[in-house]
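Contents: one structure, followed by commentary.
The values are calculated or read from the model by the stated rules, or taken from the named source; none is laboratory data. Quick caveat: nothing in here was measured; it's all calculated off a predicted structure. Backbone-built Cβ (ideal geometry, glycine too); neighbour counts: all protein chains shown.
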Amino acid sequence: MAELIAVIVVVGILSVFAMSLLSNSFATTRGFYDQLLSQVQYARKVAIAQRRLVFVRVDAAQSRLCYSAGGGCTGGDAVSSPTGEAPFRVAVPPGVTLGAATFQFDGLGRYRDAAGAATITPLVITVAGENTLQFSVEHETGYVRP
């Protein structure tokens, strides 16, 4: 009887650790998705508030906000975060993948491609990790839709 109870306790402890590992990767993916979504929404708001172009530059390692498509996102080219950090940067955590993209919001908050051309379809950004999450940027209004 004591051996059975010991086995049940050990299995219970192992299952708690296993569940925390599984839940952590889901939370990491969801947390990054929420940060990226907020950053893109913020980029649109900054473009409208300042009446100037704001570029969102996404690569496999990070997402940054800049005032030019090709700049280094440093100095006067960097868009500051709400807390004042420049550039506003969101790092991609390990185990999460993200497709590269560069796009912009104009002074009216409309979504444009990196060259400034209007698009006819929404931009869909996919964050993949433990699960896959997407949000879209509407082509006419620039509205960021979760």
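Just to be sure, is Pro94 closer than 21 Å to Ala27 by Cβ and of a type outside the set (Ser, Thr, Tyr)? Here the answer is yes, as Pro94 does meet what is asked. Step by step: first the residues of the range 11-44, then only those that are of a type in the set (Gly, Ala, Ser) and more than 17 Å from Ser81 (Cα to Cα), then the one that is modelled with the lowest pLDDT. Which residue is that? Ranking the qualifying residues of the range 11-44, first place goes to Ser23.
Set side by side, the residues Val46, Val90, Val9, Val56 differ, and just one is over 17 Å from His139 (Cα atoms) and in contact with a helix residue (DSSP H, G or I) (Cβ under 8 Å, 6 or more places away or on another chain), which is Val90. Considering the conditions (1) farther than 16 Å from Gln35 by Cβ; (2) touching a residue at least 24 places away in the same chain (Cβ under 8 Å), Gly76 is excluded by exactly one of them, (2).
Candidates are the residues of the range 66-115 that are of a type in the set (Ser, Thr, Tyr) and at pLDDT below 90; the one that is nearest to Val127 (Cα to Cα) is Ser68.
For the range 119-142, filtering for residues that are in contact (Cβ under 8 Å) with a residue 24 or more places away in the chain and in a loop (DSSP other than H, G, I, E, B) leaves 8. Candidates are the residues of the range 123-134 that are buried (at least 18 other Cβ atoms within 10 Å of the Cβ) and more than 9 Å from Tyr33 (Cα to Cα); the one that is nearest to the chain's Cα centre (by Cα) is Ile125.
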